[in-house]
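Step one of this worksheet: look at the structure below.
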Amino acid sequence: MMDPLYWIESYGFRRLEAIVLLMAVVFLVLAVFFIVLVLISRLVKSFAERRKTSYRNLFQQVINELVTETETLSVEKTDAALRLHLRELTHSSLARDTFIAQLVAVKSSLAGASAERLATAYRMLGLDTVSAKRLQSARWWKKVRGIRELTAMGCVEYLPAVLPLINARNRVLQETALVAALQLDRDSPLRFLETFQGTLTPWMEMSIHRYLSSIHGRRLPLFKNWYHHNQPTVRLFCLRMTAHFRQQESLSGLVDLANTTSDPQARVQAVYALGELEAFEHSDLVASQLRNGLDESLLLAALRALGKIGEHRHVNAILPLLKNESYPVRTEAIRSLLTIGFDVNGLAQTDVEVQQACGGILKHIQEPLLAAS
Amino acid sequence: MTALELFYLIVNVIIFIYAGSISFAYLALAIISTLEMRRYKLRNEFIDFRNILSSPLAPGISLLAPAYNEGLTIIDNVRSLMSITYNNCEVIIINDGSKDDTMDKLMDAFQLQQVPFDLLPTLETKPVLGIYKSKNKALKRLTVVDKMNGGKADALNVGLNVSRKELVACIDVDCIIEPDALLKMVKPFLEENANVIASGGVVRIANSCVVEEGRLVEVKLPHQLIARFQVLEYMRAFLLGRMAWGRLNGLLLISGAFGLFKRDIAVACGGYNHKTVGEDMELVVRMRVYMHNLNLPYKVTYIPDPLCWTEAPSTYQILGRQRNRWARGTFEVLKMHKYLFFNKKYGLMGMLSYPFWFFFEWLSPFFEITGLLFTLFLVATGHVNWTFFVCLLLVVYSFAIFISTFALVAEEMSFFKYTSKRDIFKMIGVAMIEPFLFHPRVVWWSLKGNFDLIKGKKSWGEMTRQGFVQYKKGK
């Protein structure tokens, strides 16, 4: 094959000129290629969209029949309903993917018998094995797609295949597997934490919390089971969930942690949770945390907890903190005293130091327009 | 070889090395950006942002929007900000001593009442005249701060003092923010193991777009050529540049129009610096330096979704002022942080990001003008190899077209905002003429900005805006 440089040089250009000219040609060719790519991409996108739309319209009729079916679904009936479309499903991956996506989308907005029919149709057509096969793919996004489909369709039998992926290196895959393990393990949603070795990110916590908020209170796992997990993020998350769901059954675990743990963050969360649970019988334990003047987070958690518990006998432990050098501590102390019902305004009028340290904060906290925001 | 020939050779070699390096750098950034864009889109395909919307665990965000003489559009702008979808959010408008009726309009429209806000002067600012909340409980998210004029940086610092949330989003009040912008911008703070301290978003051009009641309802390519040039420029910068820097964790600049920061880090660094007109870049650099000095891992991330739309300058005079300011800001920041230059202590920022900005962002117009003057000198002395000169012009032009079409491909493969087929052909046309009609002006403005800085110019310059109100559907 002729050397392009030689070919250019044959027109009277010197070597350096030929190199520069060749570079120019390469860039121009690439630019033209990109232009063609953009134009083709438009065509391909609109063609793919049209095909997808036609499949969606086709399958929507089938799905509507499945959803509104009044008799128990039988294999024959399913085959009869879909026989015109089976060829499309087996020969076209786009058709199959569109159908699965539609099933998942429709099922997520349904409940009860209609949702069950869709899940049954999904299995009868062997689409669960299609989704399960995606779990074997080397590409993480295919695995994610497969997990989401199986989870949406409630295929609990695939939980063992999903569980190992909660420790995957790819973050999105890990998160998806985690949510799947949560939803597919009907008996104990947080059981996967026993084998979880990663770090719970705030995003994962939100996903877990969202699911836990949707299930009945009696099915909530006992969060204290993980207070001593080897992952600190798991421990802290379970403490936060104890507080959020006000799980009284975990109270003993909180008291134990607040007394014995050497993890300062866990202690803070445990004290905070004791406040949310309004554990008045452990108010002395909470008040004793105020003696630790070094950890501001702990002081704030204890003040807030004492405010929630509302016992007047701890007022004397809180009062010195009105003169604390930390603004957040003074603010929380005021809030706590106001919640308990102590007359902080009266104190501020008689004590000049308190007035100087807390006057502005008091006005701020007691302003209705600021309290509302 | 004579001394003169040696001189020619040295100058030629230096210019060649520079041109080769900058081309290689832009190409590398473009490739990294493309790969990262693909990864980002794949990841986002599986994200349900309703998780954040409905979660009590979502971090609080304060939207800080300084306003100066925005009487024409302030009500629409504030309403637009108030409609942003995010539960735990407050909107803080800082009236920076406006001379028009901005404050009066705010007071009337939102039934504001002064409140005894206990303001901690953590950052030193010009005096605050009053803090206001609305008597209407439906507007409980809104806080308006009236202060003496001190400039944008000073106003943002007041906002940082007033803010009580974990994160602060610093925005331009006249930008249109997409309703789900905060949901997308906050995501990196929730998913990364490394401590994300700041997140930047893409700013897109809203000229000629259809806006209704403060919301962008239809994206259109600008009618004016000057705005189209800027569209192409922004595509190159955001889609092919910052995406890559975000991936490398070497981003030095988050647009002042829309950025999300960790409040405690921003305050610990001392807030915005009002000694520079590049305060947005300066804060990001200082936050990074702060984290390096504490030896703490951190990330500055970048979101390529088009979340913020702004009105681009529509005349060359106003655009010139903007670019003048950007050039001055760049140099001021580089000068303030010159200790970063090839300083290993600051990792990638010192060894790559800062040198890149120094050599390829700041120094580039000087090289271009030197190359031009040198060419003129060679022409005058009769030492030009015209064949080689034409070949060089061709390669420079073709590289420019190549990078611009690369940006168009990136746009097409990612967010596909300009859906009309004609728009693509228009943008291809823009890419072809931009090197002749627009780029030389940009170079000239950059040079002028640097000369003005030497002369002691510090002002922002007046940025007259037309406002979005004129682009309403059916009108």
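Laid out as a table, the results:
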read-out	value
Over chain B: Kirkwood hydrodynamic radius from C-alpha pairwise inverse distances, Å	23.6
q = 0.17 Å⁻¹, the range B:377-436: log10 I(q)/I(0) [Debye, one scatterer per Cα]	-0.66
Residue-span extension gain [A:GLN60 to A:ASN230] - 0.36 nm each, minus C-alpha spacing	56.4 nm
Rough spin-label spacing in nm, given labels placed 7 Å along Cα→Cβ, for B:ASP104 and A:THR129	7.8
Kirkwood Rh in Å, taken over all unlike Cα pairs in the range A:173-284	14.3
q = 0.10 Å⁻¹, the range B:241-383: log10 I(q)/I(0) [Debye, one scatterer per Cα]	-0.42
Additional length obtainable on full extension of the chain from A:ARG169 to A:THR261, 0.36 nm per residue less Cα span	30.1 nm
B:LYS165 paired with A:ARG246, simple spin-label distance in nm, labels 7 Å along Cα-to-beta-carbon	2.7
Solution diffusion estimate, µm²/s, Stokes-Einstein, the protein assembly as shown, Kirkwood Rh from C-alpha pairs, 20 °C, viscosity 1.002 mPa s	69
Where labels lie 7 Å past Cα in the beta-carbon direction, separation of B:MET148 and A:SER214 in nm	5.6
Cα centroid separation - the range A:128-163 against the range B:54-101, whole Å	43
Per-residue mean of C-beta atoms belonging to partner chains within 10 Å, peptide A:35-47	4
Within chain A: Cβ-based charge dipole about Cα centre, in debye rounded to nearest 20 (Lys, Arg +1; Asp, Glu -1)	1420
Distance from the range B:202-272 to the range B:108-124 (C-alpha centre basis), Å	29
Rounded, prolate or oblate (a/c below 1.5 giving rounded, otherwise prolate when a/b exceeds b/c) for the range A:99-181 by Cα gyration tensor	prolate
Most fluctuating residue given options A:TYR272, A:TYR227, A:TYR327, as computed from a GNM of chain A linking Cα atoms under 10 Å	A:TYR327
Peptides ranked, highest mean first, by Cβ atoms within 10 Å: ranges A:248-258, B:172-182	B:172-182, A:248-258
Among beta bridges that DSSP assigns inside chain B, antiparallel share in %, nearest 5	45
Other-chain or far-sequence residues with amide H under 5 Å of B:GLU90's (modelled H)	B:ILE61, B:SER62, B:LEU63
Isotropic mean projected area of the C-alpha convex hull, the range B:273-325 (nm²)	5.5
Selected from A:LEU222, A:LEU200, A:LEU22 as most flexible by GNM, with chain A as the system and alpha-carbon contacts under 10 Å	A:LEU22
Convex hull projection area averaged over all views, the range B:79-211, Cα basis, nm²	9.5
Förster radius 56 Å - calculated FRET efficiency between A:PHE47 and B:HIS439 (Cβ-Cβ, nearest 0.05)	0.95
Net +/- balance of residues flanking A:LYS323 in space, Cβ distance below 10 Å, scoring K and R +1, D and E -1	-2
Bins of 10 Å from zero: percent of alpha-carbon pairs in the range B:67-106	30, 50, 18, 2
Largest-first principal axis extents of the Cα set of chain A (Å)	96, 79, 42
Under 17 Å from the B:PHE388 label point (7 Å along Cα→beta-carbon), backbone N, the range A:7-27	A:9, A:12-24
Bridge type composition, the protein assembly as shown - antiparallel percent by DSSP, nearest 5	45
Ratio of the Cα radius of gyration of the range B:1-97 to 2.2 N^0.38 Å, where N counts its residues	2.06
Extent along principal axes [Cα atoms of the range B:321-372; Å; largest to smallest]	36, 24, 13
For the range A:317-334, 3J(HN,Hα) per residue [Karplus equation, 6.51 cos²θ - 1.76 cosθ + 1.60, θ = phi - 60°, Hz, x = Gly/Pro]	6, 8, 3, x, 6, 5, 10, 5, 6, 7, 4, x, 5, 4, 4, 5, 5, 4
Relative packing of peptides B:68-79, B:313-324 - highest average C-beta neighbours within 10 Å first	B:68-79, B:313-324
Residue-averaged 222 nm ellipticity for the protein assembly as shown, from DSSP H runs of 4+ at -39500 (n - 2.57), nearest 500	-18500 deg cm²/dmol
Value in Å of the Kirkwood radius, where the range A:1-53 supplies the Cα pairs that are averaged	13.5
Gain in span if fully extended, B:LEU372 to B:VAL217, counting 0.36 nm per residue against the direct Cα distance	51.3 nm
The range A:226-341: Rg to Rh, with Rh as the Kirkwood radius over Cα pairs	0.96
Hull-based mean projected area of the range B:328-434, where the convex hull spans the alpha carbons, in square nanometres	10.5
Peptide B:385-398 - average C-beta neighbours from other chains (10 Å radius)	5
Theoretical FRET efficiency, 1/(1+(r/R0)^6), r = Cβ-Cβ of A:ALA105 and A:THR195, R0 30 Å, to 0.05	0.45
Under Karplus coefficients 6.51, -1.76 and 1.60, residue-wise ³J(HN,Hα) of the range A:212-223 in Hz, glycine/proline x	4, 5, 8, 9, 5, x, 5, 8, 5, x, 7, 5
In sequence order, calculated HN-Hα J values of the range B:105-112 (Karplus, 6.51, -1.76, 1.60; Hz; x Gly/Pro)	5, 5, 4, 6, 5, 10, 6, 7
Fraction of the pair-distance distribution of the range A:308-373 above 18 Å, Cα-Cα pairs, percent	30
Sites B:PHE359 and A:VAL29 - FRET efficiency at Förster radius 35 Å, r taken between beta-carbons, to 0.05	0.75
Cα centroid separation, the range A:246-261 to the range B:1-18 (Å)	77
Neighbour-count order for B:LYS455, B:LYS147, A:LYS45, fewest beta carbons within 10 angstrom listed first	B:LYS455, A:LYS45, B:LYS147
Sites matching trypsin sites (Lys or Arg not before Pro) across the range A:167-241 that sit in DSSP coil, with at most 12 neighbouring C-beta atoms within 10 Å	A:ARG169, A:ARG186
Residue mean of other protein chain beta carbons inside 10 Å, B:416-429	2
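Since every read-out is calculated from the coordinates, none of them should be taken as a lab result. Predicted model only: the values in this text are computed from it and were never measured. Cβ: placed from backbone, ideal geometry, glycine included. Neighbour counts: every protein chain shown.
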